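Shown next, in structure tokens, is the structure this report addresses.
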Amino acid sequence: MKLLINGIQSNLRFSSAHVIPGHESCGFIHGHSYFVDVEIEGERAGEFDFVVDFKDVKKYTKAICDELDHRLLIPVYNKLIDFKDFDKKSDSIFDLKKEGSVHFKIDGKGYSIPAEDCIFLPLPYSSAEELSKFFAETLARKLSETYDNLEYVSVCVNEGIGQGAMYRKDL
């Protein structure tokens with residue numbers, strides 16, 4: 001059985017700034033009011049014969065949205081972002097979070113931003129495609145702690161109405 005959760009109606013939203021380094025128009029810091037749709041397929045199971053409890057899916061998805069809300073999304077593993085005093089190959093993302101400010105360059109433009117204003121994502125890009133994969137994998141991992149009856153978790157991260165990217169994580 002398939003379950004669907006509409007992000008707009010379920011208030012699974014976040015507003016964030018991001019940049020796609022090297023892109024003609026998205027290579028400048030800009031933002032979106034995102035909403036997140038979730039689709040889950042699995043067998044009905046448990047005491048109430050649910051595929052999954054909607055409350056769990058919404059709670060876990062909302063937690064991710066809340067973490068990203070009103071922050072600058074920085075894809076740490078983007079090849080065009082050059083961080084000062086941070087080695088992508090040997091340092092931990094958690095080291096960036098501990099800094100008072102983060103300093104980096106993109107195409108020669110220098111940025112210095114309070115670390116608390118940023119979310120450092122273990123991604124090559126902060127595109128809708130990469131964000132949908134991040135959400136789906138995170139949500140699938142969390143739901144798998146409680147549910148063993150799920151076939152897949154699919155997440156669509158929408159940058160606006162009619163414009164989003166969907167990623168399916170098979171379990």
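The values are calculated or read from the model by the stated rules, or taken from the named source; none is laboratory data. Values in this document were obtained by computation on a predicted structure and should not be read as measured data. As a convention, Cβ positions derive from the backbone with ideal geometry for all residues, glycine included, and neighbour counts pool all protein chains shown.
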Leading residue by the ranking (modelled with the lowest pLDDT) among those in the range 157-171 that are within 17 Å of Ser15 (Cβ to Cβ) and either assigned to a loop (DSSP other than H, G, I, E, B) or under 14 Å from the mean Cα position of the chain (by Cα) (or both): Ile161
Matching residues in the range 1-24 - criterion: being part of a strand (DSSP E or B), of a type outside the set (A, V, I, L, M) and farther than 27 Å from Asp82 by Cα: Lys2, Arg13
Tyr152 part of a strand (DSSP E or B) and under 22 Å from Tyr60 (Cβ atoms): yes
Positions within the range 11-28 being buried (at least 18 other Cβ atoms within 10 Å of the Cβ) and either more than 16 Å from the chain's Cα centre (by Cα) or closer than 18 Å to Ile113 by Cα (or both), in sequence order: Ser16, His18, Val19, Ile20, Pro21
Condition check for Gly31: surrounded by 16 or more Cβ atoms within 10 Å (Cβ to Cβ) and of a type in the set (Gly, Ala, Ser): no
Residue in the range 82-104 that is over 25 Å from Gly160 (Cβ atoms), free of Cβ contacts under 8 Å to residues at least 60 places away in the same chain and in contact with a Lys or Arg (Cβ under 6 Å, 6 or more places away or on another chain) present: yes
Residue match in the range 107-120 (condition: closer than 23 Å to Lys62 by Cβ, of a type in the set (D, E, K, R) and touching a residue at least 24 places away in the same chain (Cβ under 8 Å)): yes
Pairs where the first residue, in the range 134-152, is more than 18 Å from Lys55 (Cβ to Cβ) and the second is buried (at least 21 other Cβ atoms within 10 Å of the Cβ) and of a type in the set (Asp, Glu), C-beta under 9 Å, 6+ apart: none
Set Thr138, Thr146: member being touching a helix residue (DSSP H, G or I) at 6+ places or on another chain (Cβ under 9 Å), among the β-branched types (Val, Ile, Thr), on the phi < 0 side of the Ramachandran plot and part of a loop (DSSP other than H, G, I, E, B): Thr146
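Return the only residue of Lys105, Lys109, Lys97 being exposed (fewer than 15 other Cβ atoms within 10 Å of the Cβ), touching an Asp or Glu at 6+ places or on another chain (Cβ under 7 Å) and more than 23 Å from Ile40 (Cβ to Cβ). Don't jump to the end; show me each part of the working.
On the way: Lys109 fails: touching an Asp or Glu at 6+ places or on another chain (Cβ under 7 Å); Lys97 fails: touching an Asp or Glu at 6+ places or on another chain (Cβ under 7 Å).
None of the other options fit; the residue is Lys105.
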Per-region count, the range 64-75, residues more than 21 Å from Ala140 (Cβ to Cβ) and surrounded by fewer than 22 Cβ atoms within 10 Å (Cβ to Cβ): 4
